[in-house]
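For reference, the structure discussed in these notes is given below.
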Amino acid sequence: MAGGIGVEYDKNIVFAPVGALWRRGHKPVKSYGTAFILALTKYVEEHAGKIITDSPAKEFIIEKGEIKGVIATGVNGQKITIHAKAVVLASGGFGANTKMLKEYNTYWSNIDDNIKTTNSYAMAGDGIQLGKTVGAALTGMGFTQMMPVADPETGELFSGVQVPPENYVIVNREGKRFVNEFSGRDVLTKAAIDQGGLFYLIADDEIKKTAANTSQEKLDQQVEAGTLFRADTLEELAVKVGMDPAILKSTIDKYNSYVDQGFDPEFHKDTFSLKVEKAPFYATPRKPAVHHTMGGLKIDTNACVLDESGQPIKNLYAAGEVAGGIHAGNRLGGNALTDIFTFGRIAGKTAVDNIK
């Protein structure tokens with residue numbers, strides 16, 4: 001459906017995302033999510049749709065017990081009243097709301113008070129809270145997916161060296177490996193939490209050849225920004241990040257021998273591409289950040305929002321991360337796109353059919 005409205009993909013790139021066991025990732029030609037947003041915006045506007053930004057919906061308009069629109073607050077604080085025959089909530093999850101994360105968490109042993117998110121900081125659970133005001137049921141709220149390899153300071157994904165895990169070595173703050181780099185995201189996250197959160201991706205100069213988003217220019221920019229460390233020897237690199245040089249050198253020497261053997265007796269990594277041997281060497285600091293919240297408003301297969309008794313709330317629909325239960329306890333990487341395009345379409349179609 002996305003391709004039909006102008007989202008162009010680079011069919012020459014198929015990669016393994018972090019947490020994936022196989023190469024199954026596809027990238028649009030334009031930058032990541034922007035490609036979808038631009039194409040969908042054009043489609044909406046060409047079909048007489050109106051997009052209002054910076055105007056959060058604060059409450060529903062209720063007439064005779066039925067939802068008949070929303071009241072929003074404009075960018076200058078003005079009240080915006082929008083009458084509608086149906087409302088579709090597509091406001092995202094609550095990855096940027098630490099209070100909600102802690103309140104509902106049943107999965108992680110610890111969620112830091114200052115935990116970051118890879119998502120937009122607008123993902124504060126507003127749509128979920130709005131749904132609760134009309135009695136919407138919630139489901140799966142305790143399950144949150146973390147992205148283990150996020151920027152420690154910002155939660156950003158694409159700082160430092162971000163390439164398939166076959167091409168780097170994960171070490172803790174002591175310079176020791178502690179996990180199979182090709183593990184799933186939840187395994188990597190739990191392992192990182194057990195190490196205190198912060199860890200490093202170690203790679204060499206060959207790393208820039210292995211991903212579309214890693215070039216010499218970008219590496220230089222990251223080093224200058226302090227989000228990436230570089231040195232001519234592993235020992236010097238260890239000093240820069242506060243590790244024992246002998247420990248890091250020993251760790252990498254052993255890893256390189258595993259690449260030669262094609263077998264990792266320590267952590268059983270079975271997909272190798274690069275050794276870490278060609279100067280300069282790089283260390284990217286990483287820390288888990290909230291990536292996707294599995295919980296949200298309970299919906300049926302027609303994207304109708306359900307109340308606590310399992311009955312549809314008339315004229316209210318939900319799609320995307322604001323809806324819960326779609327991905328069970330741990331979303332498969334990439335499936336959020338399948339989710340939004342599938343249930344977004346279903347929600348719109350159901351709403352129109354019910355109006356008729």
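The values are calculated or read from the model by the stated rules, or taken from the named source; none is laboratory data. Note that the structure is predicted; figures quoted are calculated from it, not measured. Cβ: placed from backbone, ideal geometry, glycine included. Neighbour counts: every protein chain shown. What goes into the accessible areas is simple: the full protein's heavy atoms, side chains included, and nothing from ligands, DNA or RNA. Shrake-Rupley method; radii C 1.70, N 1.55, O 1.52, S 1.80 Å.
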Which numbered condition in (1) farther than 30 Å from I5 by Cβ; (2) touching a strand residue (DSSP E or B) at 6+ places or on another chain (Cβ under 7 Å); (3) without any contact (Cβ under 8 Å) to a residue 40 or more places away in the chain is the only one that T98 fails? (2)
Can you work out which of the residues in segment 116-143 that are modelled with pLDDT of 95 or more and among the β-branched types (V, I, T) is farthest from G310 (Cα to Cα)? T117
Would you pick out the residues in segment 57-101 that are surrounded by fewer than 17 Cβ atoms within 10 Å (Cβ to Cβ) and part of a loop (DSSP other than H, G, I, E, B)? K64, G65, G74, V75, N76, G77, Q78, A84, K85
Out of the residues in segment 165-190 meeting the condition of being in contact with a Ser or Thr (Cβ under 7 Å, 6 or more places away or on another chain) and surrounded by fewer than 20 Cβ atoms within 10 Å (Cβ to Cβ), tell me which one is nearest to N110 (Cα to Cα). K176
Residue ID - modelled with the highest pLDDT, chosen from residues in segment 15-37 that are closer than 16 Å to G344 by Cβ and surrounded by fewer than 18 Cβ atoms within 10 Å (Cβ to Cβ): I37
Subset of segment 260-286 that is aliphatic (A, V, I, L, M) and at pLDDT 95 or above - its residue that is farthest from V223 (Cα to Cα): V276
What are the pairs with Cβ atoms under 7 angstrom where one residue, in segment 223-250, is over 18 Å from I207 (Cα atoms) and the other, located anywhere, is among the aromatic types (F, W, Y)? Sequence gap at least six, or different chains. K240/F229; V241/Y200; V241/F229
Taking the conditions exactly as written (acidic (D, E), more than 17 Å from T251 (Cβ to Cβ) and assigned to a loop (DSSP other than H, G, I, E, B)), does E153 satisfy them or not? yes
Test result for A150, surrounded by 17 or more Cβ atoms within 10 Å (Cβ to Cβ), out of contact with any helix residue (DSSP H, G or I) (no Cβ under 8 Å at 6 or more places or on another chain) and in contact (Cβ under 8 Å) with a residue 60 or more places away in the chain: yes
Considering (1) without any contact (Cβ under 8 Å) to a residue 40 or more places away in the chain; (2) open to solvent by less than 70 Å² (accessible area, probe 1.4 Å); (3) over 25 Å from K269 (Cα atoms), say which one Y258 fails and leave the rest. (3)
Single residue of segment 112-129 satisfying the filter (touching a residue at least 60 places away in the same chain (Cβ under 8 Å) and open to solvent by 10 Å² or more (accessible area, probe 1.4 Å)) that is farthest from A303 (Cα to Cα): D112
Return yes or no: is E63 over 23 Å from the mean Cα position of the chain (by Cα) and either closer than 25 Å to I326 by Cα or touching a residue at least 40 places away in the same chain (Cβ under 8 Å) (or both)? no
For A323, work out the one condition from (1) open to solvent by 30 Å² or more (accessible area, probe 1.4 Å); (2) within 22 Å of the chain's Cα centre (by Cα) it doesn't fulfil. (1)
Going through segment 221-237 in order, the residues found to be open to solvent by 40 Å² or more (accessible area, probe 1.4 Å) and either in a strand (DSSP E or B) or closer than 19 Å to N167 by Cβ (or both) are V223, F229, R230
Within segment 276-291, the count of residues that are under 25 Å from the mean Cα position of the chain (by Cα) and either open to solvent by 10 Å² or more (accessible area, probe 1.4 Å) or of a type in the set (S, T, Y) (or both) comes to 6
Name the single residue, out of those in segment 105-133 being among the hydroxyl-bearing types (S, T, Y), out of contact with any His (no Cβ under 6 Å at 6 or more places or on another chain) and assigned to a loop (DSSP other than H, G, I, E, B), that is farthest from M294 (Cα to Cα). T133
Could you please let me know if S273 is open to solvent by 50 Å² or more (accessible area, probe 1.4 Å) and among the small types (G, A, S)? yes
Being hydrophobic (A, V, I, L, M, F, W, C) and within 15 Å of the chain's Cα centre (by Cα) narrows it down to one residue among A90, A96, A86; which is it? A96
Residue check, G196 against (1) of a type outside the set (S, T, N, Q); (2) at pLDDT 90 or above; (3) in a helix (DSSP H, G or I), all met but one. Which one? (3)
Scanning segment 331-345 residue by residue, those touching a residue at least 24 places away in the same chain (Cβ under 8 Å) and open to solvent by 50 Å² or more (accessible area, probe 1.4 Å) turn out to be L337, I340, R345
